[in-house]
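Here the structure is laid out as structure tokens; the discussion comes afterwards.
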Amino acid sequence: MKVTALISVTLAAAVGLGCAALSVESVESASTEGAVDSEWVKPPFTASPLAPLANTYWKLTSLYGVPVIMGESQRREAYLQFREDTQSVRGFSGCNDFSGTYEVIEDALSLGPMAATRKLCADVMSTEMQFLAALEQAATFAIVGEGLILSDELGVTTAEFMAVYF
């Protein structure tokens, strides 16, 4: 009987509170004795890294600010992966596979010489060459949420990637 009464009071209070708007100001100004803890309220988006640089599959999404679209002959999407244990990098540039080495110091990124297969795919060669040039020019990186941004020495964004999970 007491449980039923408690549920009725709780439901009535919830319905009554459900009609009231809760602003950020009211949450932040709530006292420690209040029902709402300001640490509990989080913004819907965070700019902090959600994916690490190494051991993440990075799908290429744009080159020099232009979205990347797969070509008709392209067998899979262009991507990049860094392996932390071997300090190696590998990927697919649209037509050819590539691999090499890398070094990270804070937000500075240095990619070593890349070895690549030598296939010809007429409809994606331009994008492939831009992708490999963007890697060659990479001087810094930033991870924002689940996105990776490579920039050259002047801070110009050369390539952008999105983390993909399997």
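Readers should treat all values here as calculations from the given coordinates under stated rules, not as data from a laboratory. Please read all numbers here as calculations on a predicted model, not as lab measurements. Cβ atoms come from the backbone with ideal geometry, glycine included; neighbour counts cover every protein chain shown.
Less than 5 angstrom separates the built amide H of Asp97 from those of Thr117, all sequence-distant by 5 or more or on a different chain. Scan around Ala159 for amide H atoms under 5 Å from its own, H built in the peptide plane at 1.01 Å from N, and keep only partners 5 or more places away or cross-chain. Here Tyr64, Leu150 satisfy the definition. Footprinting exposure proxy ranking of Phe131, Phe98, Phe166, fewest other C-beta atoms within 10 angstrom first, gives Phe166, Phe98, Phe131.
Taking the Cβ of each residue in Phe161, Phe141 as the centre, tally the other Cβ atoms inside 10 Å and list the residues starting with the fewest. Each step should come with its number before you reach the end.
Details: Phe161 25, Phe141 19.
Neighbour counts put them in this order, fewest first: Phe141, Phe161.
Ordering Lys59, Lys119 by the number of other Cβ atoms within 10 Å of each residue's own Cβ, fewest first, gives Lys119, Lys59.
For region 57-164, the Kirkwood estimate of the hydrodynamic radius, built from every pair of different alpha carbons, is 13.8 Å.
Close amide H partners of Ala138, meaning residues 5 or more places away or on another chain with modelled amide H under 5 Å apart, do not exist here.
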